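The values are calculated or read from the model by the stated rules, or taken from the named source; none is laboratory data. Values in this document were obtained by computation on a predicted structure and should not be read as measured data. Note: ideal-geometry Cβ built from the backbone for every residue, glycine included; neighbour counts use all protein chains shown.
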Amino acid sequence: MTMTAIEAQQQRFDGTVAVFYNPITQVDTREWNSIREFSGPFHPLIPDYRCDDIALLRKHLQWMRRAGIDVIVYDIYGFKTWDIWDIPKDRTLPLLIEELSHQDGESRKLQLVIWLEKWFENPTLEQYRYGLDYVREHLAEQPFYYQYQGKPLVVTYLNGVNDAIDVIEQDNTFYTLRRVQPFQTENWSYIESYPQTLHQEWMPVNPGFDGYLEAAYTQKYVYQQEVDLEAVRQHGPIAAASREDGRLFERQLLRAREVNPDIVFISGWNDWQCCLQIEPAVEYGFQYIDMAARLLGRETETRRYRQDE
């Protein structure tokens, strides 16, 4: 039996709600360039920001609390400029750690999960080991680091076949490790079209599914040197239409609520290039974060963060 929006609003989701967070704007203007180049239909409420701006980061955390989010899934590193060796260069992560370490005054305390990847390929065995050692030394024992099945959770994003992660998982005793991929997969899914595959551990929920993302992964355009300009030109209208003014997001949230998984994964917070963001925009305001709070049955407990806006 399908859960209705009214039923979802009246029944609190007591599992974990996680959201994907992309820190690329600290080093790269790709997100904002993409909006201009691809005729993006949506524009962030705070334009052309850098996520290593502490005022911006605090605003994001406030909005996440407003949405009923529990866990920030922090991407290291899904962009060309850096890879896992570059964690010490990250300027946003230390700011985030500082904020998560001082949440005494917050009614909703956020937690952290690290997501390890490498732009359009896979990390080496040595890079994985370095990243996991870094997380263990600096993050995993912190009270704000999220524990799943009794151990710190780290998510590893797979770009195709990845022999290194087999070795990592075989040697691991400290972490709960989970693999994630886009579309339908036996692993945890990063993004799926509706209806999503039923999964008791983890259900992805995304605000749109625009064809651009799928084409990018099949390398039809964007990631090749020669870009299909017609496909790029069409991206904006396709991305906007795929959202159905929030109805796709609602259907996916309700399907996830029916399954009642351990983790509802919202993909993503600020993934503007792929048009998968729920971060407030000029065009739709707070529609998606307030819908999330409502359909997670968390509207009352997040009211403070709407009133503070």
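Some points to look at:
- Every pair of residues 6+ apart whose Cβ atoms lie under 8 Å, when the first sits in the stretch 245-270 and is within 13 Å of Met203 (Cα to Cα) and without any contact (Cβ under 8 Å) to a residue 60 or more places away in the chain while the second is crowded, with 18+ Cβ neighbours inside 10 Å and hydroxyl-bearing (Ser, Thr, Tyr): Phe249/Tyr288
- Tyr305 vs. criteria modelled with pLDDT of 95 or more, within 25 Å of Gln111 (Cα to Cα), of a type outside the set (D, E, K, R) and more than 19 Å from the chain's Cα centre (by Cα): yes
- When residues of the stretch 1-30 are limited to those that are aliphatic (A, V, I, L, M), within 21 Å of Arg251 (Cβ to Cβ) and under 18 Å from the mean Cα position of the chain (by Cα), the one surrounded by the fewest Cβ atoms within 10 Å (Cβ to Cβ): Val17
- The C-beta contact set for the stretch 138-166 (first residue in contact (Cβ under 8 Å) with a residue 60 or more places away in the chain, second residue among the polar types (S, T, N, Q), distance under 6 angstrom, 6+ apart or interchain) comprises Tyr146/Gln111; Tyr148/Thr176.
- Scanning the stretch 153-194 for residues being in a helix (DSSP H, G or I) and surrounded by fewer than 19 Cβ atoms within 10 Å (Cβ to Cβ) gives a total of 7.
- Residues of the stretch 76-104 that turn out to be within 19 Å of the chain's Cα centre (by Cα) and either surrounded by fewer than 13 Cβ atoms within 10 Å (Cβ to Cβ) or of a type in the set (Gly, Ala, Ser) (or both), as a count: 2
- Some residue of the stretch 121-141 being in a loop (DSSP other than H, G, I, E, B), within 21 Å of the chain's Cα centre (by Cα), surrounded by fewer than 14 Cβ atoms within 10 Å (Cβ to Cβ) and of a type outside the set (S, T, N, Q): no
- Which numbered condition Thr185 misses (of (1) in contact with a Leu (Cβ under 7 Å, 6 or more places away or on another chain); (2) modelled with pLDDT under 95; (3) hydroxyl-bearing (Ser, Thr, Tyr)): (1)
- Among the candidates Asp90, Asp48, residue that is on the phi > 0 side of the Ramachandran plot and in contact (Cβ under 8 Å) with a residue 12 or more places away in the chain: Asp48
- Residues of the stretch 60-82 that are of a type in the set (D, E, K, R) and modelled with pLDDT of 95 or more: Arg65, Arg66, Asp70, Asp75.
- Test: residue in the stretch 31-51 that is surrounded by fewer than 15 Cβ atoms within 10 Å (Cβ to Cβ), within 21 Å of Tyr145 (Cβ to Cβ) and either at pLDDT 95 or above or of a type in the set (A, V, I, L, M, F, W, C) (or both): no
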